[in-house]
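Q: Dropping the structure in here first, questions after.
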Amino acid sequence: MVDKHKEDRITKALILCSYNDYGSEAEFHSIEQANNERERGHKFINHLILRDKTREIDNVKFNFLLDGAPIMVYSLLNVFRSRVKDAIIVGNKDSEQIFNYFMEYYRPHKYGKNFKFVNEGKNLSLSNTIKKGRDNLNLNSNELTLLLPADIPFFSDLYPIIKDGTNNEYEGILNLNSKEKIGKYFPRNYHLDVKKEDKIYRIKEPNLFLFNLSKLNLNIIDMAYGGRKTYSSFKDTGKRLIEKGRDFFIKERFIKKGKIIKTFCALRGSYGSIVSRLLQNKDPLIKLNSLEKLVNIAFDMRIKIKIDNSDPSTLEDIDSLEDWCYLNSMILNTKKNGGDPTSIYPYYNDLHGFKKGVMPLLQKKIDLYNDYPKYMNDLFDSFGLTLNKNIKYYNDGSPFLKNEPYKEGNLSINFSKKFVEKMINNNIKYHKRYMLNKN
């Protein structure tokens, strides 16, 4: 029996399968990000999967395969199994073919679901993706919509995040990712310390959002998206400006246009902790209510900031080639010795028929899948993630993987460092505990 209280809190969803085109500079920026992380002594390096439409194959990360199924299919399945009834999916022509086969195989319309695909067009940016979705959703003026990037495949239980979807008091709700609640093992960079009551949390931005799309300024969204980068500013490489980086966002939204006074007022009570931390070359410490005021200033909206999210899957977006290995390894390692992958992803068995019956058809239609093992092996080799005498991954000369990710066409992820394997296994246990406690 459906809980009527929960049923009243259903929200619409916009599934994002499209993002910026970095063009011929994509490889440069990916290497720059990895080098910056390496120079700062990070154990876990990231080679970002950046889109380059100048190449023959459109390398949209949402279409990459996770244990034999497109990453975006996991997200579609998660939304299908949720209480969300209306969803718009924005992506490229390959994503559209995947979507069409998903609809034919799972038939969500039979369950009262209204899913629609919209082509991304030529103006590739986050704001364009959101605008395409907003224009095709039948929205109320005070309604919050879930913005869900399709690269969070294990995020299966949407309700804890979207339960505030009809809260008319706010125009946005951001449930931050914190190291203490969800990031104990999965490697991510945290940017800020936030004090909530008497507890301090290491936090980073959420990977999914609730926003009133009719009130959301899309120009600000592009600035915020560019400003989220940790190390790479994605500045002009001589050809064109891609993303302006965090410094630009801070100047535009907190200092210029008369906002500096509001910014100082918002920081009242947090000055001492911010200054003292900066003098120690540490990330600043800020009170939660001050952070909420700053976010409201940045977006010119009434936004609620929360640190209640306890679902580790919301942190595990596939931003990099390394992330792709981590999540594939979580499934592979779980299956070892007869383990059950549903212990970390409850809809795993639902993908079996899609992989067996649909993927052979998509392999004939989508260039990325024509020889996917070779494509991925070549990609990993080009960045020096496998053994390459000319490129060092770790300082001691060890590669990221002992072998190419596909051996004789079969996925085989073998890390060269034990600390990576340990992280994977700890994160699997963490997922299992979360799933058990949730149920």
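What follows is calculated from the coordinates using simple rules that are stated; it is not laboratory data. Remember, it's a predicted structure, so these values are computed and weren't measured experimentally. Cβ placement follows ideal geometry from the backbone for every residue including glycine, while neighbour counts extend to all protein chains displayed.
Q: Over the stretch 1-129, what is the percentage of antiparallel beta bridges among all DSSP beta bridges, to the nearest 5?
A: Roughly 15 percent of the beta bridges in the stretch 1-129 run antiparallel, per DSSP.
Q: Additional query: Let a ≥ b ≥ c be the square roots of the eigenvalues of the Cα gyration tensor of the stretch 1-121; is it rounded (a/c under 1.5), or, if not, prolate (a/b larger than b/c) or oblate?
A: prolate
Q: Out of these labelled values of volume of the Cα convex hull per residue in Å³, (i) 160; (ii) 151; (iii) 201, which was calculated from the coordinates shown here?
A: The listed entry that was calculated here is (i).
Q: Using 0.36 nm per residue, how much length does the chain from E205 to H42 gain when fully extended, once their Cα-Cα distance is taken away?
A: Full extension of this stretch gives 56.7 nm more.
Q: Scan the stretch 300-396 for chymotrypsin sites (Phe, Trp or Tyr not before Pro) in coil per DSSP, keeping those whose Cβ has at most 14 other Cβ atoms within 10 Å, and list them by number.
A: Here the sparse-neighbourhood loop sites are Y394.
Q: Expressed in nm to one decimal, what extension gain is obtained for the pair Y190 and F28 from 0.36 nm per residue of sequence separation less their Cα-Cα distance?
A: 55.9 nm
Q: I've got another one for you. Calculate, for K336 and I261, the FRET efficiency according to 1/(1 + (r/R0)^6) with r their C-beta to C-beta distance and R0 56 Å; round to the nearest 0.05.
A: Here the calculated transfer efficiency is 0.45.
Q: How do M301, M330 rank when sorted from fewest to most other Cβ atoms within 10 Å of their own Cβ?
A: Neighbour counts put them in this order, fewest first: M301, M330.
Q: Here is a further query. What's the center-to-center distance, using Cα atoms, between the stretch 39-80 and the stretch 131-150 in Å?
A: 23 Å
Q: Also, I was wondering about something else. Let's test the formula: R0 of 41 Å, r as the Cβ-Cβ distance of K282 and N140. What FRET efficiency results, to the nearest 0.05?
A: E(calc), rounded to 0.05, equals 0.40.
Q: Count the lysine pairs in the stretch 324-376 whose Cα atoms sit under 20 Å apart, keeping only pairs 8 or more residues apart in sequence or on different chains.
A: 10
Q: Right, here's the next one. Does the stretch 338-382 come out rounded, prolate or oblate by the C-alpha gyration tensor, with a ≥ b ≥ c the root eigenvalues, rounded set by a/c under 1.5 and, if not, prolate when a/b is larger than b/c and oblate if not?
A: Here the stretch 338-382 falls in the oblate category.
Q: List every residue whose amide H lies under 5 Å from the amide H of S412, counting only residues 5 or more places away in sequence or on a different chain, with H placed 1.01 Å from N in the peptide plane.
A: Y406, K407
Q: Only helices at least 27 Å long along their own axis, judged from Cα atoms, and with Kyte-Doolittle mean hydropathy of 1.6 or greater: name those in the chain from DSSP H.
A: TM-like helix candidates: nothing returned.
Q: Would you order H352, H42 from fewest to most other beta-carbon atoms within 10 Å of each residue's own beta-carbon?
A: Fewest-to-most ranking of H352, H42: H352, H42.
Q: Also, I was wondering about something else. Nearest 5 percent is fine: what portion of the DSSP beta bridges confined to the chain is antiparallel?
A: 45 percent
Q: Where is the GNM fluctuation largest for the chain (alpha-carbon springs, 10 angstrom cutoff): S382, S412, S343?
A: S382
Q: May I pose another question? Please work out the FRET efficiency for the pair D378 and H109, using the Cβ-Cβ distance as r and a Förster radius of 45 Å; give the result to the nearest 0.05.
A: E(calc), rounded to 0.05, equals 0.70.
Q: Further, regarding this structure: Can you classify the stretch 253-400 as rounded, prolate or oblate using the Cα gyration tensor, where a ≥ b ≥ c are the square roots of its eigenvalues, rounded means a/c under 1.5, and otherwise it's prolate if a/b beats b/c and oblate if not?
A: Prolate shape, in that a/c is at least 1.5 and a/b is the bigger ratio.
Q: I would also like to ask the following. Gain in length, Y347 to N35, computed as 0.36 nm per residue apart minus the alpha-carbon separation, to one decimal in nm?
A: Working it through step by step, the gained length comes to 108.6 nm.
Q: Show which lysines lie in cross-link reach of K132 when reach means a straight Cα distance below 19 angstrom and same-chain residues fewer than eight apart are skipped.
A: Those lysines meeting the cut-off are K12, K85, K93, K116, K122, K215.
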